[in-house]
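A.B. asks: Shown below is the structure under consideration.
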Amino acid sequence: MSFYIGLPSFMSEEASRPSATGSGLDSGDDAVLCSCTEQRGRRQRRLFFTAALGPEDPRPPEFPGRESEAQQQQPRRRGGGRQEMEYRNKLVLAPMVRAGALPLRLLAAEYGADITYGEEIIDHKFVHCQRVTNESLGTTDFVEKGTGSVVFRTCPQERDRVVFQMGTSDAVRALKAAEIVCNDVAAIDINMGCPKAFSISGGMGAALLTKPELIHDILTTLRRNLNTPVTCKIRLLSKREDTVELARRIEKTGVPALAVHGRTIKDRPKDPAKWDEIADVVSALSIPVIANGDVFEYEDFKRIKDATGATSVMAARGALWNASVFSAKGKIPWEDYKREYVRKTILWDNDVKSTKTTLREIITHYTNLEFAEGKGVIKCGSSADVARLYNEEDYYNFVVTNWK
């Protein structure tokens, strides 16, 4: 069965595919085709976009630890009929600051990611946001009052897999922020691993690792008041036994899963992830553990599962550089992935700062930011500039014209 991922919500599988003639769009299988239709009784044109169909499931049945169709548990449902998140045997896109926006999440899902985390969003900022339906895009936007900036954007297509990750140091404020978004996402996650100064200085992220009472307060407050799964993501402490003890205390709060990054606060990305210490956590808990660290190829999903015993695996930089890392068929050429990403950012009107962050990471990994392309990305001040740099002006103009 085919499925559509990354398409505006009003696109139906039955909608006819229009000709790309005159639109400046490619006519190949990977082209995104567009048409527009007048809404009855309104002066508003809405875009119908179609994209390459995703595979039925990019992972073979023999994916390590994966259950067969008949063996898989039927998803549980909460009050109101919404489907609960299942955390076992999943491929997961990690939260990444300024990169984990809607275009990357949708691309990752197209290539096989079962769960996609959004970038960490600070509760201080989110409590000043209001929920807005963006009818032109078919998205739900959370817009900061006063500035009008979109702090978080999601769409119905990802509702059952997107995780809203929050940075917080206060249970009451965290609840206030979570209540704004909880009905539009599959789960809420608390960031307890970010080592950046801005996070630690505010008592958030990795600063929480040494405050088990506060961790308990935040997680239990959210769980008692929300009808949405609540989890957290931690990183290793300096001593193995301390990590295990913290993980046990977190499990007692009733969270359905725990993500563990296999590095300490002092470790740098170049330092090898300590898979053996993640294994200590896995063996101590009964809930699913999502292992994170040094997943750069599809084969690494099996390697880390075998090494840690974790039920699920999370990819960060490997997915940022090429989201097709989630595909059992192997990664597509990075230039092709980059083109797909640029088009997704145009299609979903992504914030140009987020787009530039991701493109800089891709370019730095595969070539050099000092080359002409890298310098060109740095100079881009708008999505139109990005489209021009990558020769996607026709596509950009066609999409933007139909927004009006």
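A.B. asks: Considering only protein heavy atoms and a probe of 1.4 Å, how much of the accessible area of the range 319-378 is carbon and sulfur, as a whole percent? Walk me through the intermediate numbers first.
C.D. replies: Working: 1280 of 2440 Å².
Ligands and nucleic acids excluded, carbon and sulfur reach 52 percent.
A.B. asks: Measuring with a 1.4 Å probe in the full set of protein chains, what accessible area per residue, in whole Å², belongs to the range 124-191?
C.D. replies: Values: 2520 Å² over 68 residues.
With the other protein chains kept in place, the range 124-191 gives 37 Å² per residue.
A.B. asks: Still on this structure, please answer the following. Whose amide H sits under 5 Å from the amide H of Ile190, counting only residues 5 or more places off or on another chain, with H placed in the peptide plane?
C.D. replies: Answer set, sorted by chain and number: Met166, Thr231, Cys232, Lys233.
A.B. asks: Still on this model: With θ taken as phi - 60° and the coefficients 6.51, -1.76 and 1.60, list the Karplus ³J(HN,Hα) couplings across the range 91-96 in order, rounded to whole Hz; mark glycine and proline as x.
C.D. replies: Calculated HN-Hα couplings, in order: 9, 10, 7, 6, x, 9 Hz.
A.B. asks: With every protein chain present, what accessible area does Trp321 have (1.4 Å probe, heavy atoms only), rounded to the nearest 10 Å²?
C.D. replies: 40
A.B. asks: Follow-up question, since we're still on this one. May I ask you to evaluate 6.51 cos²θ - 1.76 cosθ + 1.60, the Karplus curve with θ = phi - 60°, for each residue of the range 284-289 and list the ³J(HN,Hα) values in order in whole Hz, giving x for glycine and proline?
C.D. replies: Whole-Hz 3J(HN,Hα) from phi for the range 284-289: 8, 10, 9, 7, x, 10.
A.B. asks: Under 5 Å between amide hydrogens, which residues at least 5 positions from Phe152 or on another chain qualify, with H placed 1.01 Å from N in the peptide plane?
C.D. replies: So Phe152 has HN proximity to Phe142.
A.B. asks: For His124 and Thr210 in one chain, what is 0.36 nm times their gap in residues minus the Cα-Cα distance, to one decimal in nm?
C.D. replies: Numbers: separation 86, 0.36 × 86 = 30.96 nm, distance 2.14 nm.
Taking 0.36 nm per residue and subtracting the Cα distance, the gain is 28.8 nm.
A.B. asks: By its C-alpha gyration tensor, with a ≥ b ≥ c as the square roots of the eigenvalues, how is the range 85-193 shaped: rounded for a/c under 1.5, else prolate for a/b larger than b/c, else oblate? Before the final figure, lay out the partial values.
C.D. replies: Details: a/c = 1.82, a/b = 1.22, b/c = 1.49.
It is oblate, given that a/c is not under 1.5 and a/b is not larger than b/c.
A.B. asks: Counting only heavy atoms of protein chains, what accessible area per residue, in Å², does the range 345-404 have with a probe of 1.4 Å?
C.D. replies: Values: 3030 Å² over 60 residues.
Each residue of the range 345-404 exposes 50 Å² on average to a 1.4 Å probe.
A.B. asks: Let me ask something else about it. Tell me, what ³J(HN,Hα) does each residue in the range 143-160 have, in order and in whole Hz, if you take phi through Karplus 6.51 cos²θ - 1.76 cosθ + 1.60 with θ = phi - 60° and put x for Gly and Pro?
C.D. replies: After applying 6.51 cos²θ - 1.76 cosθ + 1.60, I find 9, 6, 5, x, 8, x, 6, 7, 8, 8, 10, 9, 8, x, 4, 10, 4, 8 Hz.
A.B. asks: For the range 213-337, rounded, prolate or oblate, judged on the Cα gyration tensor with a ≥ b ≥ c (square roots of eigenvalues), a/c < 1.5 rounded, else prolate if a/b > b/c? Working shown, then result.
C.D. replies: Values: a/c = 2.11, a/b = 1.59, b/c = 1.33.
Because a/c hits 1.5 or more and a/b exceeds b/c, the range 213-337 counts as prolate.
A.B. asks: Just subtract the alpha-carbon distance of Asn227 and Ile378 from 0.36 nm times their residue separation and send over the number in nm, one decimal. Present the calculation step by step, with values, prior to reporting the outcome.
C.D. replies: Numbers: separation 151, 0.36 × 151 = 54.36 nm, distance 4.23 nm.
Residue separation times 0.36 nm, minus the Cα-Cα distance, leaves 50.1 nm.
A.B. asks: Could you please report the charge total around Phe126, scoring K, R as +1 and D, E as -1 over all other residues with beta-carbon less than 14 angstrom from its beta-carbon? Walk me through the numbers before you get to the answer.
C.D. replies: Working: positive: Lys125, Arg131, Lys145, Arg153, Arg173, Lys176; negative: Glu119, Glu120, Asp123, Asp141, Glu144, Asp170, Glu179, Asp184, Asp189.
Here the count lands on -3.
A.B. asks: If you don't mind, there's one more thing I want to ask. Figure the gain on full extension for Arg360 and Lys266 (residue separation times 0.36 nm, minus the Cα-Cα span) and round it to one decimal in nm. All intermediate terms of the calculation are to be shown ahead of the outcome.
C.D. replies: On the way: separation 94, 0.36 × 94 = 33.84 nm, distance 2.46 nm.
Value of the extension gain: 31.4 nm.
A.B. asks: Using a Förster radius of 22 Å, what is the FRET efficiency between Glu144 and Lys196 based on their Cβ-Cβ separation? Nearest 0.05, please.
C.D. replies: Values: r = 21 Å, r/R0 = 0.95.
Efficiency, rounded to the nearest 0.05: 0.55.
A.B. asks: Once the dipole of the range 256-339 is set up with Lys and Arg at +1 and Asp and Glu at -1 on Cβ about the Cα centre, which of Val325, Pro288, Gly262 lies farthest towards its positive end?
C.D. replies: So the residue furthest toward the plus end is Val325.
A.B. asks: Ok, one more. Amide H neighbours of Gly100 under 5 Å, at least 5 residues apart or on other chains, H built in the peptide plane: list them.
C.D. replies: Glu119
A.B. asks: Okay, moving on. What is the sum of charges, Lys and Arg at +1 and Asp and Glu at -1, for the other residues whose Cβ falls under 9 Å from the Cβ of Arg153? Working shown, then result.
C.D. replies: On the way: positive: none; negative: Asp141, Asp349, Asp351.
Taking every Cβ under 9 Å from that of Arg153, the sum is -3.
A.B. asks: Among Asp267, Asp306, what's the order by accessible area (1.4 angstrom probe), most exposed first? Could you put the intermediate results ahead of the total?
C.D. replies: On the way: Asp267 25, Asp306 100 Å².
Putting Asp267, Asp306 in descending order of accessible area: Asp306, Asp267.
The values are calculated or read from the model by the stated rules, or taken from the named source; none is laboratory data. For clarity, every value in this text was computed on a predicted model and none was experimentally measured. FYI the Cβ positions are ideal-geometry reconstructions off the backbone, even for glycines, and counts take in every protein chain you see. Areas reflect the complete protein model, heavy atoms only, side chains present, ligands, DNA and RNA absent. Shrake-Rupley method; radii C 1.70, N 1.55, O 1.52, S 1.80 Å.
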